[in-house]
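Data block below; observations after.
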Amino acid sequence: MEEMNDQRQQPPSPGVRPIKAKDCIEELLKFTLSSSIDGTLGLDVGLSKDYCSKLLNDDDGPEINPTPNASDIAEGVPTYPLYKRLASTLYQSLSFGAFSRPYDRMPLMHEDSSLKHKEVAWIALVMEKGSELINVLENVDFELHVQEPFFSQLKDGMKTVEGRCAVGDYNSLHQKIKFIIGTKLITIFAEEDFTIYESPTIPVIESVEHSSFQAFECVTGVRGSGLSLGREMVFQVRRMENRIFSGALILFNKCLVLQVQDVRRYASFLEMLEAESLTKVLPGVQTIEEGVQIYRKFYSEEKEKLNGVLAIGVTKPAAQPFISLAGMLSGLSYGGLQRLLGFVHTVGTTVEALPPPRSTLLSSFMLLHNPNVKGSTLTDGARALAKHVDRSGSKYWGPFNGSDSTKNRLAKDAISHLMAHCCWQNMHVVPPHGVVYEIRTADGYGARWSEDGNEFIGFLEPYMEDGHSNRWKH
């Protein structure tokens, strides 16, 4: 039984204030995008379902190491799912009151002149809506996590009672309790042992300093040596007080705020489900016995009997953090979100486009250059790098010789460095290729792919005047 109990994934005790936006923004953004896709948000974020889905998608290809020791969260090709990068840069912008612009130090890289004016409006929106979001979170008293389908039921108002075993921070001991046993006044300052000279009955409470006091329990009894006044009994006293109180605000799963209507204590989940409506506690569950077994997955019967059970009645208030975030997404639209993902805007930029997955970029780079030639193992990337090794007077690309296998490795190292340290990204039209995905590092070196990342186009030298006529040698 102990082994089984140890394996239970017991829900954690409620987190308490302060609730920080930094710890919630990622899950909050995921919730807002997901709810927009399935139509349950009740708000228009101004983004297509396909776009929202792409922000949530994982990279299904081989795992690519994330940016190592990046000095800026906006550095490197964004890893999937993109909403995580978006959440990080959004919080950074909210914290500093500005968008990160690591590419400003790049020579001859000129953005659309209207972008800075747009950024002023975007950052004002981020600060306004971000302040609203933070105000909602600052009023939150507790934080809980609920598994599906129960979280969705809470969100939709189907589930209005949350049942929890009253362990950990659901209860607490506070200062002084005064009560009378017979004619003897006992004062308790915390959980402790005390001596009484009566039968082990529940004492009469005379006064309690905190009105939220709920129950008192004598947990253990040990017979003493006996005194002239009668048999001595030593009891361990536990005062049970609900920390979660009526009117408190609870943040569920870091994205949904519900207000506590009432908190009721029961001896067991069976007693709770019999007293409360099953449809309010566990919608969709057919029998009380089935409901008890659901809770048994998280709490042992021993823990339930020792601590008791709480039924937390909740309702959904008007103020929600996702409302502010939805307004932020709507105002930023495609251009603002692309900017937060580290993109620049130039003539020909396609603002609705998102960067391809890293695995797709690397896979197309590693395609064989001559797949129909027997014995040929040189990759497209290695063939492209061969054209650039002699163009840089500083030997930026490094040595490039040896077998095809060696050249492939050197080329992969070069593209991996660019993907990890690029600070300039653009999705723009470049004749004759059409829309391309382009990345560059701070010193101007870069690479291009097709819009979807399935074709590697080639490496890039830094921008320079008359670069094309000089064959980009520098």
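Going through segment 313-405, which trypsin sites (Lys or Arg not before Pro) have at most 11 other Cβ atoms within 10 Å and a DSSP loop state?
Numbers: sites: ARG339, ARG358, LYS374, ARG383, LYS387, ARG391, LYS395; in loops: LYS374, LYS387, ARG391, LYS395.
Within segment 313-405, the qualifying trypsin sites (Lys or Arg not before Pro) (loop, at most 11 other Cβ atoms within 10 Å) are LYS374, LYS395.
Mind checking which lysines have their Cα closer than 22 Å to the Cα of LYS84? Skip sequence neighbours fewer than 8 apart in that chain.
Partners within reach: LYS20, LYS22, LYS30, LYS49, LYS54, LYS129, LYS254.
Which of THR377, PRO462, HIS345 sits farthest toward the positive end of the charge dipole of segment 316-469, with +1 on the Cβ of Lys and Arg and -1 on the Cβ of Asp and Glu?
THR377
Using only the Cα atoms, what convex hull volume per residue in Å³ does segment 358-460 have? Let's see the in-between values first.
On the way: hull volume 10.7 nm³, N = 103.
Enclosed volume per residue, from the Cα hull, is 104 Å³.
On a straight-distance basis, which lysines could pair with LYS305 in a cross-link, Cα separation under 25 angstrom, same-chain partners fewer than 8 positions away excluded?
LYS159, LYS280, LYS297
How would MET419, MET127 line up from fewest to most surrounding beta-carbon atoms within 10 angstrom? The partial results should precede the final answer.
Details: MET419 20, MET127 15.
With the fewest neighbours first, MET419, MET127 line up as MET127, MET419.
Any read-out appearing in this document is the output of simple, stated calculations on the displayed coordinates, not a laboratory observation. Note that this is a predicted model, so its numbers are computed, not measured. Glycine also receives a Cβ, built like all others from the backbone with ideal geometry; neighbour counts cover every protein chain displayed.
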